[in-house]
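Each reported figure results from applying straightforward, stated rules to the coordinates on display, with no laboratory input. Quick caveat: nothing in here was measured; it's all calculated off a predicted structure.
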Amino acid sequence: MALPSLWSEMRVAILFLSVLGLLSARLVGAGQDSGSVIPAESRPCVDCHAFEFMQRALQDLKKTAYNLDTR
């Protein structure tokens, strides 16, 4: 007898969590819409950001290696 009531409680909990997830997703999406939108043409691409990051990391590694060599 306990099994059907447990199953119905689980179904209600899953339904509640699904509705809660959908509502939170809508709130997050609404929060991102407010603000200025930068056109894609003026934004640098993701690859450019990654390249610049890797370039800086390589320069830092070179400086560290030079400092270790001079010690």
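Each residue of segment 54-71 was assigned a 3J(HN,Hα) from its phi angle through the Karplus expression (A = 6.51, B = -1.76, C = 1.60, θ = phi - 60°), giving 5, 5, 5, 5, 5, 5, 4, 5, 5, 5, 5, 5, 5, 4, 5, 5, 6, 6 Hz with x at Gly and Pro.
For segment 10-21, putting each phi into the Karplus relation 6.51 cos²θ - 1.76 cosθ + 1.60 with θ = phi - 60° gives couplings of 5, 5, 5, 5, 5, 4, 4, 5, 5, 5, 4, x Hz, in residue order, rounded to whole numbers and with x for Gly and Pro.
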